[in-house]
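Enquirer: Got a structure for you, questions after.
Each reported figure results from applying straightforward, stated rules to the coordinates on display, with no laboratory input. Treat the numbers as computed from the prediction; the structure is a model and nothing was measured. Using ideal geometry, Cβ is built from the backbone for each residue, glycine included, and neighbour counts are taken over all protein chains shown.
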Amino acid sequence: MKKILAIVGPTASGKSELAYRISEKIKSEIISADSRQIFKYLDIGTAKPTIEIRNKFKHHFVDELKPSEYFSAGEFAKHAKIKINNIFKHDKLPIIVGGTGLYISSLIYGLFEGVGKNDEIRNELLDKLKNFGADYLHNELKKVDPISAKKYIPAQTRFVVRAMEVFLTSGIPISEHHKNQKQKEIFPSIIIGLNWERKILYDKINKRVDEMIANNFIDEVKNILEIGYDEKIPALQTVGYKEAIEFLKNKISYDEFVRLMKQSSRRYAKRQMTWFRRMKEIFWFDLKIEDDFENVKLKVLKLIK
């Protein structure tokens, strides 16, 4: 039976680099499992692959939606399944690359779907999000589902809204629904995890933030706002963009913006690792030097053959 390859790990761990090295050796297409790379204009702050890279290696779920459009883990899984089956038909390997754990879990194991979408309740929640902010809605979630509230930070508004929607529709926290759902593999898969010593990873994250800022990240955020997108849309209430908006509104200094962006990125990496360590059957590679990527590539190629 055909299998998919998934490459997971925290931000700045080198997931894309490994995917490109593998793609040079085997016919494949890359499916981005990054919840923000799908949005147009969010380029520098999401470390989106360049046009040159996308011309060399076919990508899916990159630059496809407006920042204001809604895209959930369920929608990702639904559309990714179609793309994967099409990739299989062309005798290519689907490589899932990204750090959004819920996207990857929903694709490989399935997503809880016991409570369907409730447009009326969801619209009410989105109104509250717009009028009162992400912190308010997150505090509401704490009252009814502290387990989910601990899993998500306020900026992860899609997940917070969905968790509230499930509770208000069913009267049962989504965390309880998840406990009762049996994990079943939908796509046979090989999952590769990239793990760095914390100090090295944090140094890599700090360096990436410095590079983003040097590459005019502030101008990117300013441009998105000037186009007319509301600063409160979920896509902009995420790591980097949220801090940049605070700086542009003169609420924090430049130095504070840089410090907070690095801090938020490191905290995000920690949450990613917490998520991935809960997933089963991940082949973890402990990395210490850049040269290890070549060794990992060779080992992964053996696994998928």
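Enquirer: Quick check on the chain: take the gyration tensor over C-alpha atoms, sort the square-rooted eigenvalues as a ≥ b ≥ c, and tell me if it's rounded (a/c under 1.5), prolate or oblate.
Expert: It comes out oblate by the Cα gyration axes.
Enquirer: Net charge within 13 Å of residue 193 by Cβ-Cβ distance, Lys/Arg positive one each and Asp/Glu negative one each, not counting residue 193 itself?
Expert: Here the charged neighbours net out to +3.
Enquirer: Compute the separation of the alpha-carbon centres of region 74-96 and region 153-223 and state it in Å as a whole number.
Expert: Answer, in whole Å: 21.
Enquirer: Under 15 Å between alpha carbons: how many lysine pairs meet that in region 119-180, if sequence neighbours fewer than 8 apart on the same chain are excluded?
Expert: 4
Enquirer: Pick from 98, 240, 74: which is most flexible by mean-square fluctuation in a GNM of the chain where alpha carbon atoms under 10 Å apart are linked?
Expert: The residue with the greatest mean-square fluctuation here is 74.
Enquirer: For labels at residue 25 and residue 274 in the simple 7 Å Cα→Cβ model, what's the distance in nm?
Expert: That separation, rounded to one decimal, is 3.5 nm.
Enquirer: Sticking with this structure for a sec: Going by average Cβ neighbours within 10 Å, how do the peptides 144-154, 278-288 rank, with the highest at the top?
Expert: So the order, starting with the most tightly packed, is 144-154, 278-288.
Enquirer: Just tell me which lysines come within less than 18 Å, Cα to Cα, of residue 251; anything on the same chain fewer than 8 places away is out.
Expert: 222, 232, 242, 262
Enquirer: Run the quick spin-label model on residue 211 and residue 119: label points 7 Å from Cα toward the beta carbon, then report their separation in nm to one decimal.
Expert: 4.4 nm
Enquirer: Explain nothing, just the number: relative contact order of region 61-197, from Cα pairs under 8 Å at least 6 residues apart, as a whole percent.
Expert: Across region 61-197, relative contact order equals 24 percent.
Enquirer: From the mean inverse distance of alpha carbon pairs (Kirkwood) and the Cα radius of gyration, derive Rg over Rh for region 119-180.
Expert: 0.94
Enquirer: Let's test the formula: R0 of 30 Å, r as the Cβ-Cβ distance of residue 284 and residue 128. What FRET efficiency results, to the nearest 0.05?
Expert: Result of the calculation: an efficiency of 0.15.
Enquirer: Got a sec? Charge dipole of the chain, +1 on Cβ for Lys and Arg, -1 for Asp and Glu; which of 106, 285, 173 is way out at the positive end?
Expert: 285
Enquirer: Right, something else. Return an integer: the convex hull volume of the alpha-carbon atoms of region 166-241, in Å³ per residue.
Expert: So the per-residue Cα hull volume is 208 Å³.
Enquirer: Dipole of the chain (Lys/Arg Cβ +1, Asp/Glu Cβ -1, origin at the Cα centre): which of 205, 95, 188 lies farthest to the positive side?
Expert: Final value for the positive-end residue is 188.
Enquirer: Here is the link list: 25/48; 78/297; 2/280; 199/305. Which ones come out longer than 25 Å on Cα distance?
Expert: 78/297; 199/305
Enquirer: Pick out which of 67, 94, 188 has the largest mean-square fluctuation in a Gaussian network model of the chain, springs linking Cα atoms closer than 10 Å.
Expert: Looking only at 67, 94, 188, the biggest GNM fluctuation is shown by 188.
Enquirer: Springs between alpha-carbon atoms under 10 Å, Gaussian network over the chain: tell me which of 213, 38, 82 tops the mean-square fluctuations.
Expert: Result for the chain, Cα springs under 10 Å: 82 fluctuates most.
Enquirer: Classify region 135-275 as rounded, prolate or oblate from the Cα gyration tensor: take a ≥ b ≥ c as the square roots of its eigenvalues, call it rounded if a/c is under 1.5, otherwise prolate when a/b beats b/c and oblate if not.
Expert: Taking the square roots of the gyration eigenvalues as a ≥ b ≥ c, region 135-275 is oblate.
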